[in-house]
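Structure first, then comments.
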Amino acid sequence: MANFCHHCGTATTHTHVETTKAAASPKVKAKRAPSAYNKAYSKAFKKVSPRFKKKSGGWKKDGFKRAGTAARKMIK
């Protein structure tokens, strides 16, 4: 009877090498900083968005899309 491999589920005689996370840890990528455009858009969107919302705080019909368009037009 052949040996059963618990790692890959096959009946073989091969062996698996255990790797630890500490030994094979890649460098952690730095998070991208927001661009000047993104900062300006964010500020404009927050300023414009109340015009496109209902009293309850939800968006009006097509409000999110129209608020985005208005914000882009504002920073142009």
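Nothing in this text is a laboratory measurement; each read-out follows from the coordinates by a stated rule. Just so we're clear, the structure is a prediction, and the values are computed from it rather than from any experiment. We place every Cβ from the backbone using ideal geometry, glycine too, and count neighbours over all the protein chains shown.
Would you check which residues across the range 41-63 are surrounded by 13 or more Cβ atoms within 10 Å (Cβ to Cβ), closer than 18 Å to residue 75 by Cα and either touching a residue at least 60 places away in the same chain (Cβ under 8 Å) or not charged (D, E, K, R) (or both) and list them?
Hits for the range 41-63 are 41, 42, 44, 45, 48, 49, 52.
Let's see how each residue does on (1) assigned to a helix (DSSP H, G or I); (2) in contact with a Ser or Thr (Cβ under 6 Å, 6 or more places away or on another chain); (3) on the phi > 0 side of the Ramachandran plot:
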position: 26; (1), (2), (3): no, no, no
position: 32; (1), (2), (3): no, no, no
position: 42; (1), (2), (3): yes, no, no
position: 45; (1), (2), (3): yes, no, no
position: 49; (1), (2), (3): yes, no, no
position: 57; (1), (2), (3): no, no, yes
position: 61; (1), (2), (3): no, no, no
position: 64; (1), (2), (3): yes, no, no
position: 72; (1), (2), (3): yes, no, no
